[in-house]
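Here is the structure we will look at, set down as structure tokens.
No value in this document is a laboratory result; all are computed from the given coordinates. On a predicted model such as this, the values are computed, not experimentally measured, just so you know. A quick note on method: Cβ atoms are made from the backbone with ideal geometry, for glycine too, and the neighbour counts reach across all protein chains shown.
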Amino acid sequence: MTHNYESIRAETTSYLQDLIRIDTTNPPGNETRAAEYLAGVFKREGIEPIVLESAPGRGNIIARLKGDGRAAPFLMMAHLDVVPAEPDKWTHPPFDGKIVNGYLWGRGALDTKQLATMELMVMLWLKRESQSLARDVIFMGNADEEAGGKLGAGWLVQHHPDLIRAEYAINEGGGFGIEFWGHKFFTCQTGEKGTARFAMRTRGRSGHASQPHADNAVLKLADAIQKIGAAKFPLHVTPTVRVFFDGVAAKLGQPYAAQLAALLDPKQYDAVMQRLPIDASMRSMIYAMLHNTVTPTMLNAGTKINVIPSVAEAKCDARLLPGFTADDLLGELRPILGHAVEIEFQDHTPGREADHRTPLFETIARVMARHVPDAPVLPYLVVGATDARHVTKLGTRVYGFCPMLAPMEELDTVHGHNERLSIDNLMFGARVLYDVVSEFCEKT
Ligand SMILES: [Zn+2]
């Protein structure tokens, strides 16, 4: 696979450029064009793909390399849709696939057309080398992740489970590096938080705005929102997070180990957080890894400026740690809000955690140690949500591992302006992933 590196680099780069040039902004998605593009590449290589539309234009692609069946299938998944881009705010256009100073610019370069490209290359290299596999290796490029996955991974799980059923899967969500006090670690996502969306409602007496009174639903709602903003939610240490911090502490030694242990202690958390020399984004990430969070995002009250409305409503996006339910969250909200505020849950997806003590995790750790020595791989809890929530329903162990050498700041453009990825990083990811998949799936 490493013979003729320059041509492999050019080939890999051109696939990602082409994928970025196919605008799959969701909504509306239009992922079929991207799925058909990938299908064309697979067919040229003698791999027979399947393209399935969940709705007009909403294409998903699946391709499979057969193993001898001695071990259960292995899935590589990536979503083909992207979030909207606001092109006028970009330095280089989001759908041109331009390369500037070694960086490939475009919406999806980090989320997740780069992963789709890495996985595509793994499939092509396995096929070209006629590697004999003990497991089927399945590629899934799916629609609709950015809108919840009902027309993508969720639809495939429901309507075509046999095409994607696997023992293990590789997905987005981890694989990037994290630094603590000059020491580098790599993440492998083994858990992710769940969601609980709810409406928060207050009621009061309607009336004429010229005669203000305190029984005003809008004032009560403002008060409730303030309370959520100022609240201290309880700290919870889930198994994934425990193993993550233990791993960091083990490498750093004292005095850091003691500080990290104190961070997980509810009584010391605030004081330690203030002392730790970490930046604001790491701070809020660590907070979210240790707490159920509630974020008010939408407001609705009143129909006329001179009428005091009798009802005011805020929509809140809550994220739950694995193992917590909407009822648990309600138990944390009531002491903050009291009982006068109505809370109505609208949807709830539980979080999940997968055991990291598996042969796949071992393979990932071993391969990474070869590529980047002295940077251990740690299980990691992602505070957002991915398509893993759908695929785990088939009993699949899903690990988020898109290998990224880039520093954290570079990855900050996900969902933002000027999303870009260095070609070096793209190649690093493809090669690491190839080593992981070939070593894990080959006949031994
Ligand atoms: Zn995304």
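Remark: the range 194-348 carries a charge dipole of roughly 240 debye about the Cα centre, counting +1 on each Lys and Arg Cβ and -1 on each Asp and Glu Cβ.
Look at the dipole of the chain built from charges on Cβ: of V241, G154, V41, the Cα furthest out on the positive end belongs to V241.
About its Cα centre, the dipole of the chain is roughly 580 debye, where the only charges are +1 on Lys and Arg Cβ and -1 on Asp and Glu Cβ.
With the biggest extent put first, the Cα atoms of the range 88-134 measure 49, 19, 12 Å across the principal axes. Return the subset of K127/K393; K66/K184; K150/K184; K89/K227; K66/K98; K113/K184 for which the Cα-Cα distance in this structure is over 27 Å, preserving the input order. As for pairs spanning more than 27 Å Cα to Cα, those are K127/K393; K66/K184; K150/K184; K89/K227; K66/K98. Listed by chain and number, the lysines whose C-alpha is less than 28 Å from the C-alpha of K220, apart from same-chain residues fewer than 8 away, are K232, K304, K315. Using a Förster distance of 51 angstrom, determine the FRET efficiency expected from the C-beta separation of R366 and N300, and round it to 0.05. It comes out at approximately 0.45.
Close amide H pairs (under 5 Å, H built 1.01 Å from N) link T413 with no residue at least 5 positions away or on another chain. 3J(HN,Hα) along the range 357-368: 8, 10, x, 5, 4, 4, 5, 4, 5, 5, 5, 5 Hz, from the Karplus curve 6.51 cos²θ - 1.76 cosθ + 1.60 with θ = phi - 60°, whole Hz, x for Gly and Pro. Using helices alone, what [θ] at 222 nm do you get for the chain, with -39,500 (n - 2.57) per DSSP H run of 4 or more residues, divided over all residues and rounded to the nearest 500? Dividing the helical sum by the residues of the chain leaves -11000 deg cm²/dmol. So how far, in whole Å, is the C-alpha centre of the range 149-197 from the one of the range 227-265? Computed from Cα coordinates, the inter-centre distance equals 22 Å. One way to sum up the overall shape of the range 310-351 is the equivalent ellipsoid from its Cα gyration tensor, whose semi-axes run 20, 13, 7 Å, largest first. The ranking of Y380, Y399, Y168, Y269 from fewest to most other beta carbons within 10 Å of each one's beta carbon is Y269, Y168, Y399, Y380. Amide H contacts of H79 (H built 1.01 Å from N, in plane; Pro and chain starts excluded): T112, N142 sit under 5 Å, all sequence-distant by 5 or more or on other chains. Pairwise Cα distances in the range 90-229 exceed 26 Å for 56 percent of all pairs. On the principal axes of its alpha-carbon atoms, the chain has extents of 79, 56, 44 Å, going from largest to smallest. Taking T413, T187, T117 as the candidate residues, the one with maximal mean-square fluctuation in a Gaussian network model of the chain, Cα springs under 10 Å, is T413.
Projecting the Cα atoms of N292, V307, V83 onto the charge dipole of the chain, computed from C-beta unit charges around the Cα centre, puts V307 farthest toward the positive end. Seen from all directions on average, the range 359-416 presents a Cα convex hull projection of 5.1 nm².
Calculated on the Cα set of the range 186-324, radius of gyration then Dmax: 20.5, 65 Å. Taking θ as phi - 60° and the Karplus parameters 6.51, -1.76 and 1.60, the scalar couplings of the range 246-257 work out to 4, x, 5, 4, 4, 6, 6, x, 7, x, 5, 4 Hz in sequence order, x denoting glycine and proline.
Highest first, please rank the peptides 209-215, 99-105 by the mean number of other Cβ atoms sitting within 10 Å of their residues.
In descending order of packing, they fall as 99-105, 209-215.
Around G175, which amide H atoms from residues at least 5 apart in sequence, or from another chain, sit under 5 Å from its own amide H, with H modelled in the peptide plane? Close amide H contacts, sequence-distant or interchain: T187, C188, Q189, C402. With N counted as the residues of the range 146-188, its alpha-carbon radius of gyration over 2.2 N^0.38 Å works out to 1.74.
Label-to-label distance, K43 versus K232, with points set 7 angstrom from Cα along the beta-carbon direction: 6.3 nm.
Two numbers describe the Cα atoms of the range 181-255: Rg and Dmax, which are 22.5, 65 Å.
Note that the range 1-140 shows a convex hull volume over its alpha carbon atoms of 106 Å³ per residue. If the chain linking A258 and D223 were pulled fully straight, counting 0.36 nm for each residue of separation and taking away their Cα-Cα distance, it would gain 8.7 nm.
Shape analysis of the range 324-405 based on the Cα gyration tensor places the equivalent ellipsoid semi-axes at 37, 15, 10 Å, largest first.
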